[in-house]
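Report on the following structure.
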Amino acid sequence: MLSACGTTSVQDYPAAWPPLTGMSADCREVAGTYIDPNTRPWEPADAAGRQPNIYAAWVTLGFIAQGSAVGRKRSFSIAFADDGALVLGYLMDNRPVASRRLGPDKWRCGSDGLQVLTLERSGALMDKVPNHGEMQRTATLYRIGNTLYSKRVNDSRIKLLHVLPEQHYRVQWERFQAD
């Protein structure tokens with residue numbers, strides 16, 4: 001008999017943060033440049049037992065790790081191109097080091113925010129063990145004042161040895177200050 005295994009971790013929206021209100025019809029208010037703290041703070045004391053978060057825009061927006069770069073200013077930009085693409089940039093000391101251009105099929109705007117598909121993979125997802133599956137990461141972005149709020153969702157479904165099901169689902173909230 002085969003049984004499914006996996007993990008689920010859903011962080012509630014922090015009560016101390018302001019309520020998220022509806023976005024404009026085009027979500028253009030999220031455009032701008034934001035500071036990436038690239039830190040791993042612990043959850044507030046009232047969330048005992050939770051895993052530490054990584055507040056790092058490069059993870060949320062689907063960039064590869066940009067190294068430790070101690071002492072360098074990290075930031076990221078969000079822009080809307082005239083052709084309908086969403087352009088994400090990653091900067092160190094105000095210099096571009098990476099960028100992504102996402103077509104209209106990879107993002108949507110709604111009253112719940114700007115939802116961006118930042119990672120999508122299928123096929124073999126792990127090394128050393130025969131497997132196949134699917135993995136997605138989305139970031140839903142909201143801007144209130146000078147702060148960008150992000151709901152990051154990681155969802156993966158894998159079959160180890162092509163038969164043993166494994167699923168992982170994680171929701172994490174982050175916030176980034178405008179630069």
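All of the numbers you see were taken from the coordinates with simple rules; none came from a lab. Note that this is a predicted model, so its numbers are computed, not measured. All Cβ positions, glycine included, derive from the backbone under ideal geometry; neighbour counts span all protein chains shown.
Please compute the length gained on full extension between V153 and I35, using 0.36 nm multiplied by the number of residues separating them and subtracting their Cα-Cα distance.
Going from the current span to full extension adds 40.4 nm.
Would you tally the net charge around R72, using a Cβ to Cβ cut-off of less than 12 Å, leaving R72 out, and scoring K and R as +1, D and E as -1?
Residues near R72 contribute +1 overall.
Tally Lys/Arg at +1 and Asp/Glu at -1 over every other residue whose Cβ is under 14 Å from the Cβ of C5; what's the total?
Values: positive: R157, K159; negative: E166.
Around C5, the surrounding residues sum to +1.
Points 7 angstrom from Cα along the Cβ direction at R28 and Y169: gap in nanometres?
About 3.6 nm separates the two model spin labels.
When Lys and Arg each count +1 and Asp and Glu each count -1, what net charge do the other residues less than 9 Å away from G32, Cβ to Cβ, add up to? All intermediate terms of the calculation are to be shown ahead of the outcome.
Details: positive: R143; negative: E29, D179.
Computed value for this residue: -1.
Going by how many other Cβ atoms sit within 10 Å of their own, how do K106, K73, K128 line up, fewest first?
Details: K106 17, K73 13, K128 5.
Least crowded to most crowded, the residues run K128, K73, K106.
Under a cut-off of 28 Å between alpha-carbon atoms, report the lysines in cross-link reach of K151, not counting same-chain residues fewer than 8 places apart.
Partners found: K73, K106, K159.
By how many nm would the segment from V97 to V129 lengthen if fully extended, with 0.36 nm per residue of separation less the alpha-carbon distance?
8.2 nm
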